[in-house]
1. Among the listed pairs K204/K261; K192/K261; K340/K418, which are separated by more than 29 Å between their Cα atoms?
2. Which loop-located trypsin sites (Lys or Arg not before Pro) does region 317-417 contain, where loop means any DSSP state but H, G, I, E or B and the Cβ has at most 12 other Cβ atoms within 10 Å?
3. Hey, what did region 337-440 get for relative contact order, percent, Cα under 8 Å, at least 6 apart?
4. With a 10 Å radius around each residue's Cβ, average the other Cβ atoms per peptide and rank 113-121, 243-251, highest first.
5. Write down the accessible area per residue of region 297-455 in Å², having rolled a 1.4 Å probe over the full set of protein chains.
6. Explain nothing, just the number: relative contact order of region 313-369, from Cα pairs under 8 Å at least 6 residues apart, as a whole percent.
7. Run through region 258-288 and list the trypsin sites (Lys or Arg not before Pro) located in a DSSP loop whose Cβ has at most 13 other Cβ atoms within 10 Å.
8. Picking from G268, A255, L296, whose Cα lies most toward the positive end of the charge dipole for region 247-304 (charges on Cβ: Lys, Arg +1; Asp, Glu -1)?
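The values are calculated or read from the model by the stated rules, or taken from the named source; none is laboratory data. Owing to the predicted nature of the structure, the values given are computational and were not obtained by experimental measurement. We place every Cβ from the backbone using ideal geometry, glycine too, and count neighbours over all the protein chains shown. Quick note on the areas: whole protein, heavy atoms, side chains included, nothing else; ligands and nucleic acids left out. Shrake-Rupley method; radii C 1.70, N 1.55, O 1.52, S 1.80 Å.
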Amino acid sequence: MKRSVLVGIAAAVTAAAIAGVLSRSYLWPSRETKHAHVMEQARAEPGAAIYYQDPDGKPFYSLTPKKTPDGRDYRAVPAGADVSFDDPAEVAAAAPADRKIKYYRNPMGLPDVSPTPKKDSMGMDFIPVYEGEDSDDGSVKLSPGRIQRSGVKSEPAAMRVIRTTVRAPGTIQLDERRVSVIAMRAESYVQKVADVTTGAHVVKGQPLMEIYSPAISSAAAEYISTLNSKVTGGDGPYGRGSRQRLMNLDVPEAAIAAMEKGRNVPIGIEWTSPRDGIVLERNVTEGMRAQPGATLLRIADHSVVWAIIDVAERDLGAMAAGQRTIVRARSFPGREFAGKINVIYPQITKETRTARVRVELPNPDLLLIHDMYVDAEIETGSAESVLAIPESAVLDSGSRQAVLVDKGEGRFEPREVKLGHRGEGYVEVRAGLTEDDPVVTSANFLIDAESNLKAALKGFSEGTQP
């Protein structure tokens with residue numbers, strides 16, 4: 001409808017209301033009944049004009065006969081031709097002959113009822129309320145025309161799989177199980193260091209340094225002597241014991257194999273990398289003396305890393321091990337890394353009120369490095385179907401949640417429900433509904449307001465009736 005038409009309708013209604021007000025003599029100090037002849041004539045003659053409108057249909061109105069600037073008369077509008085927002089079929093059915101009027105309510109929605117017909121202070125007739133319209137089951141009934149104009153829509157409750165995506169930030173951390181420390185188990189001296197620096201990538205078996213240790217040389221000489229002896233040689237207990245002594249000193253397997261093959265004791269033992277990874281720490285210098293237990297090199301495998309995600313405390317109940325997670329690094333826009341939650345840490349950070357969950361991520365390209373910021377999307381929810389309704393169907397007052405069940409024939413019943421998980425526009429219903437129950441998803445607030453109004457009027461009328 002055009003804006004000018006809407007303005008015209010509003011002006012017409014306002015004019016009619018003003019006419020009712022101005023027709024009352026007590027409004028005028030001089031007790032003159034200005035414009036009263038117009039209203040009295042409208043009540044006496046059904047076809048009499050109640051106001052006048054511009055002959056071209058423009059939104060110009062007058063309570064008395066009037067002419068346009070070019071001399072044409074305004075068009076008289078009788079009561080029967082006045083604007084009405086009600087469906088004619090509804091108006092015709094508004095006063096059925098076979099139903100009894102229970103009481104009359106205020107047309108403006110005020111808590112004012114009357115057992116007999118009456119008018120309000122504006123001269124508007126009270127609206128009759130028939131038996132059966134204010135049912136005792138708490139439901140509200142609307143006419144088909146009002147339902148159509150309000151845009152009421154319903155959808156049945158159905159079994160659905162509800163999934164919710166929780167988004168949270170996190171950081172990349174090293175897998176604690178993939179970190180190796182190279183340290184001497186006996187007093188040693190570093191004779192030579194390979195061209196390896198912090199941050200360099202090494203592979204398993206790559207030479208890192210050359211070590212001389214009196215304890216290792218003594219154990220190696222004993223082992224070679226045992227192998228060369230005709231009495232204790234071979235794989236006898238003496239040979240196995242001497243070899244185990246070298247292993248206890250953490251001598252690399254490749255160095256022991258070289259001794260067995262050459263049957264001689266080297267001056268320096270070549271120390272190799274125990275795994276593929278990145279050199280995180282290098283505390284070794286050529287010519288230094290290495291004390292037992294001192295960390296010389298620390299190497300970490302980055303092929304698998306951990307994403308430590310900070311999840312808000314309110315989302316902690318939706319977390320479970322095995323949930324699929326997509327991690328995006330801020331350093332690589334558009335690149336996704338998929339993993340699953342394998343640990344939920346049993347603690348809350350009191351400063352941020354967040355919980356930590358650990359996601360194991362494959363990192364074949366070694367793009368993810370420790371302490372890198374990432375954003376995670378965790379898919380929560382069960383794979384099993386649950387009874388669900390659209391979120392728009394819920395009337396939430398904060399302390400309780402309710403829906404309006406469509407009972408058919410324009411009747412709607414409010415029903416309290418217990419809700420569960422939410423996701424993808426739907427919410428789980430744990431109590432209060434059964435499958436295929438139709439619930440109102442659109443204009444439910446208008447129906448709720450109508451229900452509250454009728455309940456208030458009903459309570460007021462019951463309190464005033466004898």
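1. On the way: K204/K261 21 Å; K192/K261 23 Å; K340/K418 31 Å.
Those over the limit are K340/K418.
2. Values: sites: R324, R328, R330, R335, K340, K350, R353, R356, R358, R400, K407, R411, R415; in loops: R330, R335, K350, R353, R400.
Here the sparse-neighbourhood loop sites are R330, R335, K350, R353, R400.
3. Numbers: 132 pairs, mean separation 20.2, N = 104.
Computed over region 337-440, the figure is 19 percent.
4. Numbers: 113-121: 12.9, 243-251: 16.2.
Result, highest mean Cβ count within 10 Å first: 243-251, 113-121.
5. Accessible area per residue: 51 Å².
6. Details: 79 pairs, mean separation 17.2, N = 57.
This gives 30 percent for region 313-369.
7. On the way: sites: K261, R263, R275, R282; in loops: R263, R275.
Within region 258-288, the qualifying trypsin sites (Lys or Arg not before Pro) (loop, at most 13 other Cβ atoms within 10 Å) are R263.
8. Farthest along the dipole direction, towards plus: G268.
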